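Trainee: Got a structure here, written out as structure tokens. Questions coming.
The values are calculated or read from the model by the stated rules, or taken from the named source; none is laboratory data. As the structure is a computational prediction, the values presented were derived from the model and not from experiment. With ideal geometry, Cβ positions are generated from the backbone for all residues, glycine too; neighbour counts draw on all protein chains shown. Side chains included, ligands, DNA and RNA excluded: accessible areas come from the protein's heavy atoms. Shrake-Rupley method; radii C 1.70, N 1.55, O 1.52, S 1.80 Å.
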Amino acid sequence: MGRKREKKPNTWDPKRTKKSKTEGGEESTAGDNKIDSTKYWNDIVPRNEFFEAYYKTLGICKDDAEWENFMGTLAKPLPTTFRINTTIGKSLQSVVVDQLNEIANDKSGTIEIDGEMVELPKPLKWYPNNMAWISDIPKKSFRKNPALTKFHNFLIHHNQQGNITRQEAVSMIPPLFLDVQSHHRILDMCAAPGSKTTQILEDLHMKHNIEVNLDVEKPSAYIPKGSIIANDVDTNRCYMLAHQTSRLGSPAIIITNHEAQNFPLLYDSNNEPMYLDRILCDVPCSGDGTSRKNPEVWKKWNFSGGIGLHTLQLRIATRGCHLLKVGGRIVYSTCSMNPVENEAVIAALLKRSEGSMKLVDVSSQYPDLVRSPGIYTWPVTDKEGTYANWDELDELKKNKYFKTLWPSTEEEAKKMHLEYCMRVYPHQQNTGGFFIAVLEKVADFPNQLDTETKEQTPADEENKNNNNNNNNKGKFEKKIKERDRRNKFYEEPFQLLSEEMKTQLNVAKEFYGLTDEFPMNNLLSRSDNSQKVYWASDSVMEIIKNPENKRLKIINCALKVFQRHDGLGSMDCPYRISQDSILWLEPFITKRIVTMTHDDLAKIIKYTEPKFVDFPSAVREELVKLGPGCFSLKISGNLRETPSSGMTFSAWRGSTSMHLLVSKQEIQSYASIFGIEYVSPRANTNTNTTTTTTTTATTDAKTTESTDSSEKKDESA
Ligand SMILES: C[S@@+](CC[C@H](N)C(=O)[O-])C[C@H]1O[C@@H](n2cnc3c(N)ncnc32)[C@H](O)[C@@H]1O
């Protein structure tokens, strides 16, 4: 039996806990804790002597009452927040919105939980079109309170289907200020796990949908001119990113695996540098604004966290400015409140930009979003003390600390308009802490054609010294090996289809009756005989086609549109349509379409693999006539009366039964979303299916399949 851990405030050295004066002058002990701090995180006390001392010195709160409010808010878990996905098609979107409104308006908007009245979910005031929501219902109450089952199921299943995206409220801010237009080429430099990428991608598609009249335009006009490159240095996190973005199914995305500070300059079809219209620079940071979600911050916070990241943040932001088009916009953000990771980086960037970058005044935009202006001055403090300037450091620290950590003079700060930066504090609107700066490029950045940001950080220097020192050599090499192992790049490049694949795809084109408008030239694969075929937008194709861009380490790209399934003998076409792409492909398909009602869909979901005889005669006849293979299943009906009307699925017609080409998990989610009973295939006596959804008779092949390594990793992520 383990002993119960003693609960104590998180201080580096408890002996050093000392009395300090608060702003109001009264004495307080940093270790004292008026907050019922152990209410939510059993063994973590949301206090840290050094955090409190540092942020109090900064003067971010106007008085003691606000400070208490700040610390009190940090001691509570974050509310649940999520966005409604705008690219799921009208029918699903209205299902989501209707269900949410029903939940929100139940019981006149409040519910009693543990004796307290708690608000039911409501829209985030500052987020456009009520498309983002907040709920302060504690997560642990979901299981205990049957009145919350509906909301709990809503969150689980719509999130799993990609109909909503769980995302911290503050994390939704940077993409809003990026002001994306449908023709923009965008780079998200540090993108994993991808909540901001998906928000940007949705925005790109939504803006395009507003511009084009989908009812009038040809299907080929549905795809935006712009695209996004989502990058991260961590290969495993790139696979998470690929998984997250694949839920949206867009042909306008590339996922890459580079150090953002050395991200390669791309070239367009004229071999001219391809500068980007928008760049999101959501850099790695100490994350002290995330303590409500990640209470470990209280145990770990120390002065060196921010100082140690400053140079990398500056290098990444500098590279972003190199790659940005003149007239383009870059948004720099962190989930830290520490000025050495924020205003200090922006000030250094502005100085080295020599006037080519300007902070943008966005104070009149999103007026409901409460925020504070950027600050002009801050102390540079470590555990040994506070240093007025770099000259005060000893020789060792001079090697480690960059001069850019220190604030400029007030006059310089004013000239740079550091007040245009935005600080969001947790107590202002019940969120995490965040920092956002919006910059525009008004002229070429000095040395912007450099292939990388050359500056050596003091840490690099130190590593070099370590390398020469035998004692540290082994340790250093081990670290590098571990980093290289983590960042091994295994992926095959994306390429145009081989002649053999083109011939096979022409068979598929004929099989599904794809119109001539379908862009066969925008299909890609990862080898001459790959099983997966991807559909890329023109903008993505321009990057892939230029050999100058071969250095791009692409983890995944575009939209999986077909998957070949070998070994099906007599099958007329071995290529199945991927469910991810069905909404895009549907307008081009003229053959192998079967229309069913919501009741038919309910049957499919309930029994997973119903027999033809289970359907009404009209559907049965259509299925019999169709012949075996993949088909497009469309749900008919009126949107108001039939929740699933207008939805389309990729489905499989077997010899005597049919099923959807989606995973079992997705089937369960549809069952929950539409309130349909689901009978596990094992217990399923309606059909002849015996053990699992993936084993089949003659033609009823696996519901999900994957062979390329990238997708295997996606699925495990
Ligand atoms: C704050 S998180 C990004 C969160 C992400 N933008 C989102 O909204 O989901 C920072 C990311 O930066 C990545 N990262 C760290 N160092 C990097 C570097 N040198 N270049 C690119 N990415 C880096 C980390 O792997 C991490 O995924």
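Trainee: Yes or no: the stretch 348-360 includes at least one residue that is assigned by the TED database to the domain that holds ARG319, open to solvent by less than 10 Å² (accessible area, probe 1.4 Å) and part of a loop (DSSP other than H, G, I, E, B).
Mentor: yes
Trainee: The conditions are (1) out of contact with any Lys or Arg (no Cβ under 6 Å at 6 or more places or on another chain); (2) closer than 22 Å to CYS190 by Cα; (3) not polar (S, T, N, Q), and ARG329 fails exactly one of them. Which is it?
Mentor: Failing condition for ARG329: (1).
Trainee: Does SER195 fit the bill of being under 30 Å from SER539 (Cα atoms), touching a residue at least 12 places away in the same chain (Cβ under 8 Å) and within 16 Å of the ligand (Cβ to nearest atom)? Before the answer, list the steps.
Mentor: Numbers: under 30 Å from SER539 (Cα atoms): yes; touching a residue at least 12 places away in the same chain (Cβ under 8 Å): yes; within 16 Å of the ligand (Cβ to nearest atom): yes.
Yes, satisfied.
To keep it simple, each residue is scored yes or no on (1) surrounded by fewer than 20 Cβ atoms within 10 Å (Cβ to Cβ); (2) among the small types (Gly, Ala, Ser); (3) not assigned by the TED database to the domain that holds SER644.
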| site | (1), (2), (3) |
| --- | --- |
| GLU517 | yes, no, yes |
| ARG526 | no, no, yes |
| SER537 | no, yes, yes |
| HIS598 | yes, no, no |
| ALA618 | yes, yes, no |
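Trainee: Continuing with the same structure: Does any residue of the stretch 173-193 turn out to be assigned to a loop (DSSP other than H, G, I, E, B), out of contact with any Lys or Arg (no Cβ under 9 Å at 6 or more places or on another chain) and open to solvent by 10 Å² or more (accessible area, probe 1.4 Å)?
Mentor: From the stretch 173-193, those assigned to a loop (DSSP other than H, G, I, E, B) are 179-184, 189-193; that's our starting set.
Checking which are out of contact with any Lys or Arg (no Cβ under 9 Å at 6 or more places or on another chain) leaves us with 190.
After this cut, where a residue has to be open to solvent by 10 Å² or more (accessible area, probe 1.4 Å) as well, the list is 190.
Within the stretch 173-193 (the criterion being assigned to a loop (DSSP other than H, G, I, E, B), out of contact with any Lys or Arg (no Cβ under 9 Å at 6 or more places or on another chain) and open to solvent by 10 Å² or more (accessible area, probe 1.4 Å)), the answer is yes, since at least one residue qualifies.
Trainee: Identify, please: which residue in the stretch 268-286 is among the aliphatic types (A, V, I, L, M) and not in a strand (DSSP E or B) and is, among those, surrounded by the most Cβ atoms within 10 Å (Cβ to Cβ)?
Mentor: Residues of the stretch 268-286 that are among the aliphatic types (A, V, I, L, M), as a first pass: 274, 276, 279-280, 283.
After this cut, where a residue has to be not in a strand (DSSP E or B) as well, the list is 274, 283.
Details: MET274: 20, VAL283: 25.
Step by step, filter the stretch 268-286, then rank; the result is VAL283.
Trainee: Can you tell me which residue in the stretch 244-264 is farthest from the ligand (Cβ to nearest atom), limited to those that are part of a helix (DSSP H, G or I) and of a type in the set (S, T, N, Q)? Before the answer, list the steps.
Mentor: Pass one, the stretch 244-264, residues part of a helix (DSSP H, G or I): 244-246, 260-262.
So of that shortlist, the ones also of a type in the set (S, T, N, Q) come out as 244-246, 261-262.
Numbers: GLN244: 8, THR245: 11, SER246: 15, GLN261: 6, ASN262: 8 Å.
Selected residue: SER246.
Results for (1) open to solvent by 10 Å² or more (accessible area, probe 1.4 Å); (2) away from the ligand (no atom under 12 Å from the Cβ); (3) among the β-branched types (Val, Ile, Thr); (4) touching a strand residue (DSSP E or B) at 6+ places or on another chain (Cβ under 8 Å), shown as yes or no for each residue.
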{"residue": "LYS218", "(1), (2), (3), (4)": "yes, yes, no, no"}
{"residue": "ALA230", "(1), (2), (3), (4)": "no, no, no, yes"}
{"residue": "ALA242", "(1), (2), (3), (4)": "no, yes, no, yes"}
{"residue": "LEU266", "(1), (2), (3), (4)": "no, yes, no, yes"}
{"residue": "GLY289", "(1), (2), (3), (4)": "no, no, no, yes"}
{"residue": "TRP298", "(1), (2), (3), (4)": "no, yes, no, yes"}
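Trainee: What tally of residues in the stretch 361-385 results from selecting those that are open to solvent by less than 50 Å² (accessible area, probe 1.4 Å) and either farther than 28 Å from GLN429 by Cβ or in contact with a Phe, Trp or Tyr (Cβ under 7 Å, 6 or more places away or on another chain) (or both)?
Mentor: Residues flagged as open to solvent by less than 50 Å² (accessible area, probe 1.4 Å) and either farther than 28 Å from GLN429 by Cβ or in contact with a Phe, Trp or Tyr (Cβ under 7 Å, 6 or more places away or on another chain) (or both) within the stretch 361-385 amount to 8.
Trainee: Just checking, does the stretch 144-162 include any residue being within 16 Å of the ligand (Cβ to nearest atom) and either of a type outside the set (D, E, K, R) or in contact with a Lys or Arg (Cβ under 8 Å, 6 or more places away or on another chain) (or both)? Lay out the reasoning, then the answer.
Mentor: Within the stretch 144-162, the first condition is being within 16 Å of the ligand (Cβ to nearest atom), and the residues that meet it are 159, 162.
Subset that is either of a type outside the set (D, E, K, R) or in contact with a Lys or Arg (Cβ under 8 Å, 6 or more places away or on another chain) (or both): 159, 162.
Yes, because at least one residue in the stretch 144-162 is within 16 Å of the ligand (Cβ to nearest atom) and either of a type outside the set (D, E, K, R) or in contact with a Lys or Arg (Cβ under 8 Å, 6 or more places away or on another chain) (or both).
Trainee: Kindly indicate whether TRP652 is hydrophobic (A, V, I, L, M, F, W, C), within 23 Å of ASN163 (Cα to Cα), touching a residue at least 40 places away in the same chain (Cβ under 8 Å) and touching a Gly at 6+ places or on another chain (Cβ under 9 Å). Explain how you work it out, then say what you get.
Mentor: On the way: hydrophobic (A, V, I, L, M, F, W, C): yes; within 23 Å of ASN163 (Cα to Cα): no; touching a residue at least 40 places away in the same chain (Cβ under 8 Å): yes; touching a Gly at 6+ places or on another chain (Cβ under 9 Å): yes.
No; evaluated as a whole, the condition is false for this residue.
Trainee: Checking the condition modelled with pLDDT under 85, outside the structural domain of HIS322 (by the TED database) and over 25 Å from the mean Cα position of the chain (by Cα), which residue from LYS502, LYS545, LYS454, LYS488 passes?
Mentor: Answer to the selection: LYS454.
Trainee: Can you pull out the residues in the stretch 548-591 that are over 28 Å from the mean Cα position of the chain (by Cα), among the acidic types (Asp, Glu) and modelled with pLDDT of 90 or more?
Mentor: Hit for the stretch 548-591 is GLU548, nothing else.
Trainee: Still on this structure, I have one more. Inside the stretch 310-338, can you point out the residues that are closer than 19 Å to ILE375 by Cα, out of contact with any Leu (no Cβ under 7 Å at 6 or more places or on another chain) and assigned to a helix (DSSP H, G or I)?
Mentor: GLN313
Trainee: Of all strands (runs of 3 or more DSSP E) completely enclosed by the stretch 1-85, which ones contain at least 2 residues that are at pLDDT below 95 and of a type outside the set (Lys, Arg)? Even if it seems obvious, please write down each step before you answer.
Mentor: Details: elements: 19-21, 27-29, 80-84.
Answer list for the stretch 1-85: 27-29.
Trainee: Going through VAL170, VAL180 one at a time, which residue ends up being within 11 Å of the ligand (Cβ to nearest atom) and at pLDDT 90 or above?
Mentor: Values: VAL180 fails: within 11 Å of the ligand (Cβ to nearest atom).
On inspection, the qualifying residue turns out to be VAL170.
Trainee: Can you say whether HIS208 is open to solvent by 10 Å² or more (accessible area, probe 1.4 Å), away from the ligand (no atom under 13 Å from the Cβ) and either assigned to a loop (DSSP other than H, G, I, E, B) or farther than 27 Å from LEU323 by Cα (or both), as far as the supplied structure shows? Give the derivation first.
Mentor: Numbers: open to solvent by 10 Å² or more (accessible area, probe 1.4 Å): yes; away from the ligand (no atom under 13 Å from the Cβ): yes; either assigned to a loop (DSSP other than H, G, I, E, B) or farther than 27 Å from LEU323 by Cα (or both): no.
Answer is no for this residue.
Trainee: Are there any pairs, at least 6 apart or on different chains, whose C-beta atoms fall under 8 Å, with the first in the stretch 434-446 and on the phi > 0 side of the Ramachandran plot and the second at pLDDT 95 or above and part of a strand (DSSP E or B), and if so, which?
Mentor: none
Trainee: Out of the residues in the stretch 268-287 that are away from the ligand (no atom under 15 Å from the Cβ) and in contact (Cβ under 8 Å) with a residue 12 or more places away in the chain, which is farthest from PHE445 (Cα to Cα)? Can you show your working first?
Mentor: Step one: list which residues in the stretch 268-287 are away from the ligand (no atom under 15 Å from the Cβ), which gives 268-277.
In the following step, the residues that additionally are in contact (Cβ under 8 Å) with a residue 12 or more places away in the chain were identified as 268-269, 271, 273-277.
Numbers: ASP268: 20, SER269: 23, ASN271: 20, PRO273: 14, MET274: 15, TYR275: 12, LEU276: 13, ASP277: 15 Å.
Restricting to residues being away from the ligand (no atom under 15 Å from the Cβ) and in contact (Cβ under 8 Å) with a residue 12 or more places away in the chain, the top hit is SER269.
Trainee: Select from the stretch 633-667 the residues that are more than 24 Å from ILE593 (Cβ to Cβ) and either modelled with pLDDT of 90 or more or of a type in the set (D, E, K, R) (or both) and list them in ascending order. Reasoning before the result, please.
Mentor: Taking the stretch 633-667 as the starting set, the residues that turn out to be more than 24 Å from ILE593 (Cβ to Cβ) are 664-665.
LYS664, the sole residue that qualifies.
Trainee: Could you list, in sequence order, all residues of the stretch 576-634 that are in a helix (DSSP H, G or I), out of contact with any Lys or Arg (no Cβ under 9 Å at 6 or more places or on another chain) and under 18 Å from GLN161 (Cβ atoms)?
Mentor: Result: GLN579, ILE582, LEU583, TRP584, HIS598, LEU601, ALA602, ILE604, ILE605, LYS606.
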